[in-house]
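Student: This is the structure, below, for whatever I ask next.
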Amino acid sequence: MPTTPGSSSGAEASRKPRGASLSSPLLSAQKVCAGHAQRAELAVSDAGLFWLEADPDRGCNVIRHLGEQGLITLPTGTTGIGSRINGYGGGSLAVLGDRVTAVTDQQQLIAVSPTSSQPVLVLDEPEASWGGLVADGERNRVLAVREAGGRQQLVAIAEDGRPQIFHEGEDFYGAPALSPDGHRVAWISWQLPDMPWLRTRLWTGELDSSGQLQNLHCVSAPAEGSIQQPFFEGQDLWVLSDHDGWWQPWRLDQQGRDVTWHSSTAPRLDHANAPWQLGERHHCPLLGGGWARVRYREGAAELWVSAGKNAEEIRVAETFTDFRSLAHWRGQLFCVARSSDRLDAIVEVNPGNGAVRILAGFEQPFQGYSAICPDSFTVPAPDSHGLPVQGFLYTPEPVPDEPPPLILVAHGGPTSAAYPVYNPQIQFWCQRGFAVAEVNYRGSSGFGRRFRLALAGHWGEIDVTDMSAAADYLASRGLADRQRTFIQGRSSGGYTALMTLIGSDRFVAGASLFGVTDPMRLRTMTHRFESGYLDWLLGSPDLHPERWQARTPLHHAARIRAPLIFFQGGQDRVVVPDQTRAMVEAMKAAGGAPELHWFEDEGHGFRQRHNQASMLEWLHSFYRRHSQKANNRPDDLR
């Protein structure tokens with residue numbers, strides 16, 4: 001249930017103007033929602049660079065290619081591109097030379113190249129979904145994860161589209177990794193009821209000349225943990241594993257069934273985030289024994305490289321705050337890089353000197369408007385046994401004479417995180433005089449295993465505590481108006497917002513954007529990937545029925561006294577429409593007056609620009625109405 005984001009030492013640090021003044025022309029909701037292009041899933045080959053890019057006019061992803069012809073869009077017909085495996089996708093592209101195999105929105109496999117006039121259908125299995133695509137150049141085929149009939153398999157797909165089962169028997173598979181010579185393979189798997197950030201297993205094997213799997217071994221970490229993102233540096237196998245408390249790089253020496261785990265010099269920081277999608281790459285090998293790695297520190301990502309086996313580690317691309325899809329090609333490092341004030345970029349990094357070249361993207365979102373960047377803040381732990389909580393505060397510029405109204409945002413997931421990356425909707429609020437704070441409550445990823453797993457059995461409890469503590473912290477430092485603080489969230493973040501409002505007068509109002517109101521109903525209807533997740537978050541309902549009762553917003557609608565606004569899509573198959581309807585009716589029956597805004601043509605997460613804009617406009621009207629002071633002038637909050 002996730003939603004998808006350096007930093008200073010603290011929110012109370014002195015600020016310099018970082019954005020448009022309140023006299024700048026207001027960005028309309030329509031313009032804000034139209035001016036956002038996301039890029040993801042970078043792949044490289046001798047033909048150049050390929051990636052997915054959101055096309056706001058078509059409302060889908062297209063394939064972009066940078067090569068000898070310059071920057072072009074590959075012809076994929078009327079369909080968009082994107083895996084839907086596990087509900088969240090990932091690994092939608094595999095490139096063999098100049099031939100791209102891609103997963104369409106309809107879960108067909110197609111092939112296309114920069115010289116194609118139209119795509120070629122490779123494989124169409126109506127009941128299957130695909131993801132985790134990897135090119136096997138030695139055999140001119142693609143390896144992929146296939147889900148059909150309630151089970152997953154690793155599958156090898158020949159050039160003519162013939163599929164061959166590569167491995168089966170596990171509940172879930174990650175994207176496979178091949179050694180450079182194509183003779184070794186590795187992947188991770190996990191079993192229900194686990195999620196991949198809780199417990200996984202590593203598989204290693206060899207491939208004969210025909211590509212058949214042999215000498216297969218299953219490898220567990222030295223202690224319980226989550227292994228992810230295997231890759232080969234020559235014949236050396238590297239993984240990220242958190243069995244020692246953090247997702248750190250480990251090198252494995254394997255002699256038959258005997259495996260020795262070698263730690264690296266990496267610091268005790270997470271080097272990846274929670275793997276909701278297949279095929280993420282937060283580390284990769286470089287020439288001469290070098291490497292590139294992403295490190296998450298206080299919620300923001302850093303990119304570090306070592307140009308050779310004994311070369312110095314250096315931090316590069318410090319302008320950016322998140323990095324995905326790391327890949328090496330012709331001695332250079334390539335990745336998708338994100339920042340707080342620009343659109344996503346495709347960048348090239350020279351590992352030797354750290355020089356960065358922008359290849360595509362990195363546009364300024366709106367002409368004449370400089371985006372407001374966040375300050376990192378940390379709420380101290382309440383005692384020696386607690387954990388500090390980090391967040392990002394966006395303050396309107398120029399800094400107002402009095403504390404501004406605050407919108408406190410609970411991210412989705414909940415095992416996900418808020419990142420300091422450009423979000424046009426936050427700019428919308430800052431332009432209108434609101435501060436926005438995104439909180440990485442306990443249970444968020446990027447802060448180590450102990451922090452991430454703290455949510456087990458405590459959803460609707462410690463996240464609620466942390467959200468309230470963040471609001472109090474910011475208000476106590478004069479960074480937000482205590483009397484004009486709102487709370488909102490999407491999906492699971494909406495659940496946290498609703499639970500925070502139960503029996504509390506701390507917030508002046510709240511907003512649930514397709515938020516969970518009835519976890520038990522969600523449990524009966526959720527998809528296979530998350531079928532064990534709610535029991536981990538709340539405990540088994542058979543063993544802890546009182547916990548489920550206490551942490552179901554629908555059962556406590558009468559205890560919510562603050563004004564509430566709800567947004568719901570009529571086609572939502574995650575938080576089904578009846579959840580929101582029932583919550584609204586329960587509040588009305590108790591004497592409340594919640595607002596409900598219904599979008600019949602939307603699913604879970606609004607995708608259409610005009611609907612996104614309408615939601616922003618309704619939210620602004622709601623927040624403005626509940627932000628007014630008796631002596632406000634009409635233009636104090638625009």
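Student: Which of the residues that make up the range 304-315 are surrounded by fewer than 16 Cβ atoms within 10 Å (Cβ to Cβ) and assigned to a strand (DSSP E or B)?
Tutor: First pass over the range 304-315, keeping only residues surrounded by fewer than 16 Cβ atoms within 10 Å (Cβ to Cβ): 308-310, 312-315.
Matches in the range 304-315: Glu313, Ile314, Arg315.
Student: Here's something else I'd like to know. When Ser491 is evaluated against the numbered criteria (1) over 24 Å from Gly245 (Cβ atoms); (2) in contact with a Pro (Cβ under 7 Å, 6 or more places away or on another chain); (3) among the polar types (S, T, N, Q), which criterion, by number, is the only one it fails?
Tutor: (2)
Student: Take the residues in the range 29-41 that are hydrophobic (A, V, I, L, M, F, W, C) and out of contact with any Lys or Arg (no Cβ under 9 Å at 6 or more places or on another chain); name whichever of them is modelled with the highest pLDDT. Before the answer, list the steps.
Tutor: We begin by selecting, within the range 29-41, every residue hydrophobic (A, V, I, L, M, F, W, C); these are 29, 32-34, 37, 40.
Okay, now just the ones that are also out of contact with any Lys or Arg (no Cβ under 9 Å at 6 or more places or on another chain), so 29, 32, 37.
On the way: Ala29: 93, Val32: 88, Ala37: 81.
So the residue we want is Ala29.
Student: Only residues in the range 564-579 that are aromatic (Phe, Trp, Tyr) count as the first member; pair them with residues that are buried (at least 23 other Cβ atoms within 10 Å of the Cβ), Cβ under 7 angstrom, at least 6 apart or cross-chain, and list the lot.
Tutor: From the range 564-579, the pairs are Phe566/Ser512; Phe566/Thr580; Phe567/Leu513; Phe567/Phe514.
Student: For Ala337, all conditions in the list (1) modelled with pLDDT under 95; (2) within 24 Å of Phe50 (Cα to Cα) hold save one; what is the number of the exception?
Tutor: (1)
Student: Another one. For Ile85, state whether it is of a type outside the set (Gly, Ala, Ser) and either touching a Cys at 6+ places or on another chain (Cβ under 8 Å) or surrounded by 23 or more Cβ atoms within 10 Å (Cβ to Cβ) (or both).
Tutor: Yes.
Student: Would you be able to say whether some residue in the range 254-270 is under 26 Å from the mean Cα position of the chain (by Cα) and assigned to a strand (DSSP E or B)?
Tutor: Yes, the range 254-270 contains at least one residue that is under 26 Å from the mean Cα position of the chain (by Cα) and assigned to a strand (DSSP E or B).
Student: Quick check on my filter: what residues within the range 585-637 are assigned to a loop (DSSP other than H, G, I, E, B), modelled with pLDDT of 90 or more, surrounded by fewer than 18 Cβ atoms within 10 Å (Cβ to Cβ) and not acidic (Asp, Glu)?
Tutor: Ala590, Gly591, Gly592, Ala593, His626
Student: Collect the residues in the range 376-387 that are in a loop (DSSP other than H, G, I, E, B) and open to solvent by 40 Å² or more (accessible area, probe 1.4 Å), keeping them in residue-number order.
Tutor: If the condition is that a residue be in a loop (DSSP other than H, G, I, E, B) and open to solvent by 40 Å² or more (accessible area, probe 1.4 Å), then Pro380, Pro382, Asp383, Ser384, His385 are the ones that fit.
Student: Where in the range 444-501 are there helices (runs of 4 or more DSSP H), lying fully within it, with 2 or more residues that are open to solvent by 10 Å² or more (accessible area, probe 1.4 Å)? Give the derivation first.
Tutor: Details: elements: 449-453, 462-476, 492-501.
The helices (runs of 4 or more DSSP H) meeting that bar are 449-453, 462-476.
Student: Collect the residues in the range 326-350 that are farther than 16 Å from Arg281 by Cβ and not charged (D, E, K, R), keeping them in residue-number order.
Tutor: Result: Gly331, Ser339, Ser340, Leu343, Ala345, Asn350.
Student: In the range 388-408, how many are surrounded by 17 or more Cβ atoms within 10 Å (Cβ to Cβ) and either touching a helix residue (DSSP H, G or I) at 6+ places or on another chain (Cβ under 7 Å) or in a loop (DSSP other than H, G, I, E, B) (or both)?
Tutor: Counting residues in the range 388-408 that are surrounded by 17 or more Cβ atoms within 10 Å (Cβ to Cβ) and either touching a helix residue (DSSP H, G or I) at 6+ places or on another chain (Cβ under 7 Å) or in a loop (DSSP other than H, G, I, E, B) (or both) gives 13.
Student: Only one of Val122, Val95, Val44, Val103 is at pLDDT 95 or above, in a strand (DSSP E or B), under 20 Å from the mean Cα position of the chain (by Cα) and among the β-branched types (Val, Ile, Thr); which?
Tutor: Of the residues listed, the single one that is at pLDDT 95 or above, in a strand (DSSP E or B), under 20 Å from the mean Cα position of the chain (by Cα) and among the β-branched types (Val, Ile, Thr) is Val103.
Student: Okay, next question. Take the range 234-258 and flag every residue that is farther than 18 Å from Leu326 by Cβ and crowded, with 21+ Cβ neighbours inside 10 Å.
Tutor: Result: Asp242, Trp246.
Table: residues versus (1) more than 24 Å from Phe172 (Cβ to Cβ); (2) β-branched (Val, Ile, Thr).
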residue	(1), (2)
Thr500	yes, yes
Leu513	yes, no
Val516	no, yes
Glu530	no, no
Ser540	no, no
Leu543	yes, no
Trp548	yes, no
Ala558	yes, no
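Student: Can you tell me which residue within the range 355-371, out of those that are at pLDDT 95 or above and of a type outside the set (Lys, Arg), is least open to solvent (accessible area, probe 1.4 Å)?
Tutor: Among residues in the range 355-371 that are at pLDDT 95 or above and of a type outside the set (Lys, Arg), the one least open to solvent (accessible area, probe 1.4 Å) is Ala360.
Student: Another question about this same structure. Looking only at the range 294-303, decide whether some residue is part of a strand (DSSP E or B), open to solvent by less than 30 Å² (accessible area, probe 1.4 Å) and out of contact with any strand residue (DSSP E or B) (no Cβ under 6 Å at 6 or more places or on another chain).
Tutor: Scanning the range 294-303, I find at least one residue that is part of a strand (DSSP E or B), open to solvent by less than 30 Å² (accessible area, probe 1.4 Å) and out of contact with any strand residue (DSSP E or B) (no Cβ under 6 Å at 6 or more places or on another chain), so the answer is yes.
Student: Is it the case that the range 220-233 has a residue that's open to solvent by less than 50 Å² (accessible area, probe 1.4 Å), in contact with a Lys or Arg (Cβ under 6 Å, 6 or more places away or on another chain) and closer than 21 Å to Trp291 by Cα?
Tutor: Looking through the range 220-233, none of the residues is open to solvent by less than 50 Å² (accessible area, probe 1.4 Å), in contact with a Lys or Arg (Cβ under 6 Å, 6 or more places away or on another chain) and closer than 21 Å to Trp291 by Cα.
Student: Counting just the residues of the range 165-197 that are among the aliphatic types (A, V, I, L, M) and assigned to a loop (DSSP other than H, G, I, E, B), which one comes out most open to solvent (accessible area, probe 1.4 Å)?
Tutor: That would be Leu192.
Student: Let me ask another. Can you find a residue in the range 511-519 that is touching a helix residue (DSSP H, G or I) at 6+ places or on another chain (Cβ under 8 Å) and of a type in the set (Asp, Glu)? First the steps, then the outcome.
Tutor: Within the range 511-519, the subset touching a helix residue (DSSP H, G or I) at 6+ places or on another chain (Cβ under 8 Å) is 511-519.
Then keep just the ones that are of a type in the set (Asp, Glu); that gives 518.
Within the range 511-519, one or more residues are touching a helix residue (DSSP H, G or I) at 6+ places or on another chain (Cβ under 8 Å) and of a type in the set (Asp, Glu).
Student: Suppose we filter Glu348, Glu318 for residues that are in a loop (DSSP other than H, G, I, E, B) and of a type outside the set (Phe, Trp, Tyr); which single one remains? Explain how you work it out, then say what you get.
Tutor: Values: Glu348 fails: in a loop (DSSP other than H, G, I, E, B).
Checking each option against the conditions leaves just Glu318.
The values are calculated or read from the model by the stated rules, or taken from the named source; none is laboratory data. Note that the coordinates shown come from a computational prediction; the quantities given were computed from them, not determined experimentally. Glycine also receives a Cβ, built like all others from the backbone with ideal geometry; neighbour counts cover every protein chain displayed. Keep in mind that these areas ignore ligands, DNA and RNA; they rest on the heavy atoms of the full protein, side chains included. Shrake-Rupley method; radii C 1.70, N 1.55, O 1.52, S 1.80 Å.
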